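The values are calculated or read from the model by the stated rules, or taken from the named source; none is laboratory data. Because the structure is a prediction, the values reported are computed rather than measured. Counting neighbours? That spans all protein chains shown, and the Cβs are built from the backbone with ideal geometry, glycine included.
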Amino acid sequence: MILGIGSRIKHSEYGAGVITNVTSKMYWVTFIEHGLETIEVDSEFEIIESVEDEVDTISFFEVENTLRRLLKTYSDISEIVPIADKWKNGKLILQPGDTNLTSKEMDIDTFFHKIVMVRDRIRVMEQKINSSNLEEQEKIDLQQYITRMYGSLTTFNVLFKNKTQNFVGSRSKS
């Protein structure tokens, strides 16, 4: 009998774990103390809880990638966006025109993080608009506003390390 995905086992070397993928010869088991290991189907181990008829050819890697894609699409969890090396540990100084007033200083990393949060929230808003029940013309109108927001924020692209993460507004046709 081959155990199904979700079966819980206890292995003499690795301890307790859960089967996360199965082939005809191997189990991929995520052990509490040892992480992901592969063991042969005919290995010696104790079955704590058996799940049968759940054998599937989908891998843990595929499940993880699908979950990551869904979270990125439908949540406001942001990706890690690195700041350009030249700005790391820098300062943003706002100097008022009135010399009687004091300037404001802020870590540029903090400022950059806030810009990225704005970008990510605009992306979530864009996704919610696109998946909403609004009329097509309303979606188009709102999308144009979002594109203009991105365009207004292109000034901050100088802070991004990776050009693929830059703000992009509407591109003029030359």
Residue count for region 3-14, restricted to those that are surrounded by 15 or more Cβ atoms within 10 Å (Cβ to Cβ), touching a Phe, Trp or Tyr at 6+ places or on another chain (Cβ under 9 Å) and assigned to a loop (DSSP other than H, G, I, E, B): 4
The one condition in (1) touching a residue at least 12 places away in the same chain (Cβ under 8 Å); (2) loosely packed, with under 11 Cβ neighbours inside 10 Å that K104 fails to fulfil: (1)
Test: residue in region 165-173 that is at pLDDT 90 or above and either in contact with a Pro (Cβ under 9 Å, 6 or more places away or on another chain) or surrounded by 15 or more Cβ atoms within 10 Å (Cβ to Cβ) (or both): no
Residues of region 15-49 satisfying the condition of being outside any loop (DSSP other than H, G, I, E, B), over 22 Å from E64 (Cβ atoms) and modelled with pLDDT under 90: E49
Criterion violated by S12 - all others in (1) closer than 30 Å to T154 by Cβ; (2) modelled with pLDDT of 85 or more satisfied: (1)
Residue within region 132-147 that is without any contact (Cβ under 8 Å) to a residue 60 or more places away in the chain, of a type in the set (A, V, I, L, M, F, W, C) and within 23 Å of I83 (Cβ to Cβ) present: no
Extreme residue, surrounded by the most Cβ atoms within 10 Å (Cβ to Cβ), among residues of region 50-83 that are touching a Gly at 6+ places or on another chain (Cβ under 9 Å) and at pLDDT below 70: V55
Residue list for region 107-119, restricted to those being crowded, with 16+ Cβ neighbours inside 10 Å and within 30 Å of K139 (Cβ to Cβ): I115, V116, R119
